[in-house]
Structure formats: structure tokens, C-alpha cells
């Protein structure tokens, strides 16, 4: 496995642990109805859908592409990246003409040791039918994983 892939995996695990610390249910590598795979998809206590796309480096085009891929499948969209990358993006957003997409996204500062939300995202309203289906499918996968692992299934 390459160092970039290993680093991506470490960041993904750090983000997963951060979202789980909020009491949210988290699935790694979730296949969306479009066939695309979200690095992390989460359900919070109010059944809002959160997606976090993990990147080891950032650019305006990467941020725009992430929003295009995932905006129709979540209420909240985050980009998770190393702390230095996020700090640079947030600083440059005030001085450069970054894509409008980047201003609606949340940013998560990550290191292999942990993460924190540097800026929360704006809420995205989904079509009700799609939101109900995704919430049901995510719950089904979480419940199946809990049953396989022998852990207690949370009441819904």
C-alpha cells in the first residue's frame, strides 16, 4: 500500500472517530445511489445525513468536484484534510476568488491522531423521497453491522 493511501486511511479513521464521539452512526466507504463512494457517511441524532470527503491535499477544483458529487445526498457536507491544508484554504478564501461551493462546505482539520471541525457547513435541503430512502438504507447497514459485530442496536 502506498504512503498516500495509508495516510488517507489514517485521516479517514480519525474523522470516523471524531464523528462517533458526537454519538453519530458512521459508515466508511458508503456506496451512494449514483454509484459513487462517500469516504464517510453519518447519521446524527436527528437523522440528518452528513458526508465527509477525505483529501490529503486540497485545491479549488477538488472542493468544487466534491460538492458536485455529494450535494444531492446529504444535509451537511464536509471536506476533511490535514490541518495545514484546511488552514491555508480558510485563509485564502478571504483573499482569493475560491469557488462559491467552498463557502457552503464544512471543513474538518485532521491528523492521524484526531480531528475537529474548523468550520461547520451550511445545511442543504434534500428532496424528501431521497432523504427518506438514504436514511433507511444507512440505518439498515448500521443495524446489519451491529448485528454482525454482536453489539447493541440503537433504538430508532
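Straightening the chain between residue 65 and residue 139 buys 24.0 nm, computed as 0.36 nm per residue apart minus the Cα-Cα spacing. Can you give me the relative contact order of segment 3-149 as a percent, contacts being Cα pairs under 8 Å and 6 or more apart? It rounds to 23 percent for segment 3-149. Radius of gyration (Cα atoms) of segment 3-149, expressed as a multiple of 2.2 N^0.38 Å: 1.01.
Just so you know, all these numbers are worked out from the coordinates, no wet-lab data involved. Computed from a predicted structure; not experimentally measured.
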